[in-house]
Each structure stands twice: as structure tokens, then as C-alpha cells.
């Protein structure tokens, strides 16, 4: 089976993708992971991606799509996969559809995880990290034993710039602008399902499995 998981920052799609991949022996393919792999291996596309990253720019669509194409051409992709967070734009979605059409391996389902904005903000702004040992905490879900101190090394915890509310709100606006046409694109193909991403990880996973059971 071939799936795409979509959703804004903090929605938990990566966790759900990993759980489904482990349950059904699928590959979980994250754009960030395969870009880092391509960079570390210094492939031609990896070197192009590295140039964008080092200059502080978003990696160009043609490079991202090229890396995805390379990954999906591997023999292990024949057994199915979950694309986590790709495509992000309509252009990427159109390129992916064209690529899969050429391979005669169309997507089976696109899952969009949805959570109210205030809950996403609570999830993302509550994160704290240790600048020394990199351990991650959350004020609501995984707080440190001693307020503002790392359990492991005792360092004062910090809030990363990406987790500040103004930054989180800006990331959510960008996601909305990029993804609205993407959802319409997959709705028109009749392969889009929307899932409530609120609640525990286990509750969301049960909803996901029910949607897949109803469809296949």
C-alpha cells in the first residue's frame, strides 16, 4: 500500500506514520530524513540540497522531488510506503502524481490529520530542550522533575526559536497557504481522508486504522 500523510506542525503525523509502517511492514519516508541521508552520502542531489541548506534557503522542489524519485526507485519500495509530510505544495503533488503514474504505482490514500489551532500551539510552545545533552521535554506531556532543569545533566532548559508562539503561528499560516490547494487536488482524485488528530496517540491510531479498514 502507498500512502501520503499530511498535517500541520505538531499534529503528530510522523508518529502515526511510524506506527503504521511498523504494523504493516511499510517504509516510512520522511523528506527530512532522506535529504539528510543524501547530504551525508554526498550524492549529486545531496550536494545540491546541501547548498540550499547552508545558504539558509528551502531546498528547491526539483531537488526534493529528485531525492524522492531516487528513494522510491529502491527495491524495498515495492512493499509499500508512507510518505510523511511530502508533498508540501501543489507543484510537488503534481510532480509526484506524474512520477507514480509513469511507474504505474498510484497512491492508495492520502490522510490529512487535523487538530484545532490552539491545541497545536499548546503542543508546540510547550516544548523545552536541554542545550547541553539535547534531551527534549514538554511542560504538559513530559515535564522535567525539577522546574526548568534537565533531569539528566541539570542544565537550565531553553525554548527554541521554532517553538515560540509567534514562530509557531507563522509556520501554521505557511502550512495553510501551501496545503489548501493540495487538499483540493487529492479530493478531486477521491483519495483524501481527514482524521481528527486530537486525543492520545493510541486514539488517533485507532481512527486511522478504522479509516483504512473502511476503504480497503
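The numbers here are math on the coordinates, done by the rules we state, and not lab data. Note that the structure is a prediction, hence the values are computed from the model and not measured. Counting neighbours? That spans all protein chains shown, and the Cβs are built from the backbone with ideal geometry, glycine included.
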- Exposure proxy check on 99, 27: fewest-to-most Cβ neighbours within 10 Å is 99, 27
- Query: So which residue, out of 182, 45, 139, gets the largest mean-square fluctuation from a GNM of the chain using Cα contacts under 10 Å as springs?
  - Reply: 139
- A correct fewest-to-most ranking of 105, 31 by other Cβ atoms within 10 Å would be 105, 31
- Average Cα contact separation per residue, the range 128-181, under 8 Å, 6 or more apart, as relative contact order %: 30
- Work out Dmax and Rg for the range 9-147 from the C-alpha atoms and quote the Rg first, both in angstrom. 17.4, 56
- Most fluctuating residue of 49, 17, 177 in a GNM of the chain with Cα springs under 10 Å: which is it? 177
- Note on the structure: Most exposed first, judged by fewest Cβ atoms within 10 angstrom, 212, 157 run 212, 157
- Query: Using the Kirkwood formula over every pair of different C-alpha atoms, what hydrodynamic radius in Å results for the range 90-216?
  - Reply: 17.5
